[in-house]
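Take a look at the structure below.
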Amino acid sequence: MPESIIKRYYDGLGEGRLVARKCNKCGAYTFPPTTACEHCGSFDQEWTELSGRGSLLFVSHGIAPPPNPRFDEMAPYAYGHIILEEGVTVDAIVKDVEPTPENLQALFESAPVDVEADPVNVKGLNVLAFKIV
C-alpha cells in the first residue's frame, strides 16, 4: 500500500518539520503536499523538507468561537500570512501573540517580521504554527 501523503505531512509537523513535494517538471513546491503539483498539475514530484523560516506579512485574530471545538482552549489566537524562504505562502497560527488590536497593529506596522515554524499539537492533531524570532 502506498504511503499516505497527508499522514506524512502530519507526522512531519509532529516532528517539527515541514515536508512538502517539489515538482520535477516546474520546480515549484506544493505545501501542504498533494498528489499533483498545485502549479502545473504534474505527478512527477519528490519529497523535500522546507526550512520553516519565513516572513510574517500580516496577522489577525482567530475566529471566535473557533471553527473546531478542539481549538477552544487556544482561543483567542493570532493567525498570520507567512511567506517561507522557499516562496511558499501559508496561513497559520502565530504563537505567543496576544491578539489585541494594539498588538496586531504593532506587528502590521513592523512587518515583515521573521518567523520560524513551531508546530503545536492540539488535542492529538498536529497543527502548523509559527513563532516570531
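The values are calculated or read from the model by the stated rules, or taken from the named source; none is laboratory data. What you see is a predicted model; the values in this text were computed from it and never measured. Positions of Cβ are generated from backbone atoms using ideal geometry, with glycine treated the same way; all protein chains shown enter the neighbour counts.
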* segment 84-105, residues that are surrounded by 14 or more Cβ atoms within 10 Å (Cβ to Cβ) and over 24 Å from Phe31 (Cα atoms) -> Val97, Pro99, Asn103, Leu104
* **Subset of segment 8-65 (residues that are part of a loop (DSSP other than H, G, I, E, B), closer than 20 Å to Leu128 by Cα and of a type in the set (A, V, I, L, M))** => Ile63, Ala64
* Structure fact -> Within segment 121-133, of all residues that are touching a residue at least 40 places away in the same chain (Cβ under 8 Å) and surrounded by 15 or more Cβ atoms within 10 Å (Cβ to Cβ), the one farthest from Tyr10 (Cα to Cα) is Ile132
* Selected residue (criterion: farthest from the chain's Cα centre (by Cα)) from residues of segment 1-44 that are of a type in the set (Phe, Trp, Tyr) and farther than 16 Å from Leu125 by Cα -> Phe43
* Which condition number in (1) in contact (Cβ under 8 Å) with a residue 40 or more places away in the chain; (2) surrounded by 15 or more Cβ atoms within 10 Å (Cβ to Cβ); (3) of a type in the set (Phe, Trp, Tyr); (4) farther than 30 Å from Pro2 by Cα is the one that Phe58 fails? -> (2)
* For Glu46, indicate whether it is touching a strand residue (DSSP E or B) at 6+ places or on another chain (Cβ under 6 Å) and not assigned by TED's automatic domain parsing to the domain that holds Ala106. => yes
* Test set (1) over 15 Å from Glu73 (Cα atoms); (2) outside any helix (DSSP H, G or I); (3) free of Cβ contacts under 8 Å to residues at least 60 places away in the same chain; (4) not acidic (Asp, Glu) - Leu107 fails condition number -> (2)
